[in-house]
Amino acid sequence: MWFPLATLLASFGVALMAFEVPDKARRTSAAGSLLSLSPKLRRAFSDQGEFKPKSEPTGFDWLGQHEEPGQTFDQYLASRPNIPGSVRKKLYILPIGEFEKGIAPDLEKLKSYTAAYYHPLKVEMLPVISDAAVPAKERTNQGKKQWKSTDILDWLPKKLPSDGYAMIAVTMTDLYPDEAWNFVFGQASLRERVGIFSFARYHPKWSGGEANAGTEKLVLRRATKILTHEMGHMFGIRHCIHYECNMNGANHLEEADATPMNLCPVCLRKLYYAVRFNPVERYGEMLRFYTANGFEEEATWTRQRIGAIEVAAD
C-alpha cells in the first residue's frame with residue numbers, strides 16, 4: 001500500500017470532504033487503555049494540555065480533499081503492523097543524485113535526527129546512487145524534471161540491505177505519483193518498508209525566492225519532518241486525524257510547514273509498540289538535536305515533556 005505525503009492535486013475541481021474534528025473523548029479513547037502501563041508510560045501517552053487537537057481543515061488542506069478514517073491504537077494493533085526483529089533492525093537512508101550545498105539539507109543532520117526520532121534503532125547512510133541508475137519514468141512539469149515515484153517504490157525493495165527494517169531514498173529531483181497529479185513530496189510502501197521523497201521544493205529558490213538567514217534551518221526542518229513522517233508509515237502508522245501531529249497528511253507546503261515535528265500521544269504509543277523506547281531517553285536525544293540546530297520552540301516543548309514524564313510516580 002502506498003501513502004503519499006504533502007501532495008498537490010493537478011485538478012482543483014475536487015469537492016471538499018466532510019471532516020468532523022474528533023472531540024476530547026474520542027481523542028482520549030484513540031490512545032487505547034493505559035491501565036496496564038507504568039505511570040511514566042501512562043503520562044507519555046496521555047494529553048494534559050501539551051498537544052493541540054486537530055484543527056478544522058480549510059480550502060485545499062489534506063482533510064478537506066481526502067477522506068481519512070483515522071487509526072486508533074487498537075486499530076493499529078489489529079492491523080498486525082510490521083515491527084523490527086532480531087535481524088531486520090536498522091534504518092537506512094539512500095541518497096540519489098547530487099545534493100547541492102546551500103540548497104539541499106545536510107544529510108548528516110538528517111541522519112542524526114532520524115536516529116533521535118527512532119531511538120534506539122540504528123540509522124545508516126548508504127552510498128550515493130547516481131541519477132542515471134534510477135529506473136523511473138521521467139517527465140517535464142513547469143520546465144523541471146520529475147520522476148514517477150511509484151516506479152522508484154517498485155525498485156527500492158531490491159536495494160534494502162538484509163539487516164534493514166526500512167529504507168528511505170532521498171533526492172533533489174521532483175516527484176509525481178501518476179499523470180493526474182502535479183507533484184508529490186514523498187511516498188512510502190507500508191508492506192515493503194521503503195519510501196522515496198524529494199527535497200526539490202523545500203528551498204525558496206524553487207519558486208523564484210531568495211535565501212535568507214533562516215533558509216538553512218527552514219529546509220532542514222522541512223526535510224526532517226517529511227523523512228520521519230514517511231518512515232512512520234513503514235511501521236504501519238497511518239495519517240493522524242486526532243491531533244496536530246507529525247503524522248498528519250498535508251496537501252501543500254504551507255500545511256506541511258504548520259505540522260509539528262513531534263508525535264501526538266496516539267501515534268507515539270503506536271511507535272512505542274513497534275520500537276520499545278524509553279520516552280525520556282528518546283525525548284532527550286531529540287532535545288540534543290533541537291538545541292544544537294537552533295530549534296528553540298521544539299527544544300522548549302521537549303524539555304517540558306521530559307519534566308512531565310519524569311515526575312510521574314512509579
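The values are calculated or read from the model by the stated rules, or taken from the named source; none is laboratory data. Small disclaimer: the values here were computed from a predicted structure and weren't measured. Here the Cβ positions follow ideal geometry from the backbone for every residue, glycine too, while neighbour counts run over all protein chains shown.
Kindly evaluate Glu285 against the criterion of being of a type in the set (Asp, Glu) and either under 17 Å from Leu227 (Cβ atoms) or under 17 Å from the mean Cα position of the chain (by Cα) (or both). Walk me through how you get there before you give the answer.
Details: of a type in the set (Asp, Glu): yes; either under 17 Å from Leu227 (Cβ atoms) or under 17 Å from the mean Cα position of the chain (by Cα) (or both): yes.
Here the answer is yes, as Glu285 does meet what is asked.
If Leu253 satisfies every condition in (1) in contact with a strand residue (DSSP E or B) (Cβ under 9 Å, 6 or more places away or on another chain); (2) at pLDDT below 95; (3) buried (at least 17 other Cβ atoms within 10 Å of the Cβ) but one, which is the exception?
Condition not satisfied by Leu253: (3).
Give the stretch 112-156 a look and list any residue that's hydrophobic (A, V, I, L, M, F, W, C) and part of a loop (DSSP other than H, G, I, E, B), or say none. Steps first, please.
The initial filter retains those residues of the stretch 112-156 that are hydrophobic (A, V, I, L, M, F, W, C), namely 115-116, 121, 123, 125-126, 128-129, 132-134, 136, 147, 152-153, 155-156.
Scanning the stretch 112-156 gives Leu121, Leu126, Val128, Val134, Ala136.
Are there helices (runs of 4 or more DSSP H) fully within the stretch 1-103 with at least 3 residues that are within 22 Å of the chain's Cα centre (by Cα) and modelled with pLDDT under 90? List them.
Details: elements: 24-30, 39-44, 62-65, 73-78.
Ranges flagged: 62-65.
Does the stretch 230-248 contain at least one residue that is surrounded by fewer than 22 Cβ atoms within 10 Å (Cβ to Cβ) and more than 21 Å from Leu41 (Cβ to Cβ)?
Yes, because at least one residue in the stretch 230-248 is surrounded by fewer than 22 Cβ atoms within 10 Å (Cβ to Cβ) and more than 21 Å from Leu41 (Cβ to Cβ).
Filter the stretch 151-175 down to the residues that are within 18 Å of the chain's Cα centre (by Cα), within 23 Å of Ala250 (Cβ to Cβ) and hydroxyl-bearing (Ser, Thr, Tyr) and list them by number.
Hit for the stretch 151-175 is Thr171, nothing else.
Out of the residues in the stretch 139-154 that are over 26 Å from Arg193 (Cβ atoms) and either without any contact (Cβ under 8 Å) to a residue 24 or more places away in the chain or touching a helix residue (DSSP H, G or I) at 6+ places or on another chain (Cβ under 6 Å) (or both), which is surrounded by the fewest Cβ atoms within 10 Å (Cβ to Cβ)? Don't jump to the end; show me each part of the working.
Within the stretch 139-154, the first condition is being over 26 Å from Arg193 (Cβ atoms), and the residues that meet it are 139-145.
Now restrict to residues that are either without any contact (Cβ under 8 Å) to a residue 24 or more places away in the chain or touching a helix residue (DSSP H, G or I) at 6+ places or on another chain (Cβ under 6 Å) (or both): 140, 142-143.
On the way: Thr140: 9, Gln142: 8, Gly143: 5.
Checked the stretch 139-154; the qualifying residue surrounded by the fewest Cβ atoms within 10 Å (Cβ to Cβ) is Gly143.
Please verify whether the stretch 119-137 includes one or more residues that are farther than 28 Å from Lys217 by Cβ, buried (at least 16 other Cβ atoms within 10 Å of the Cβ) and touching an Asp or Glu at 6+ places or on another chain (Cβ under 9 Å).
Start the filter on the stretch 119-137 by keeping residues that are farther than 28 Å from Lys217 by Cβ, which leaves 130, 132-137.
Next cut, buried (at least 16 other Cβ atoms within 10 Å of the Cβ) only: 134, 136.
Now restrict to residues that are touching an Asp or Glu at 6+ places or on another chain (Cβ under 9 Å): 134, 136.
Yes, the conditions are met somewhere in the stretch 119-137.
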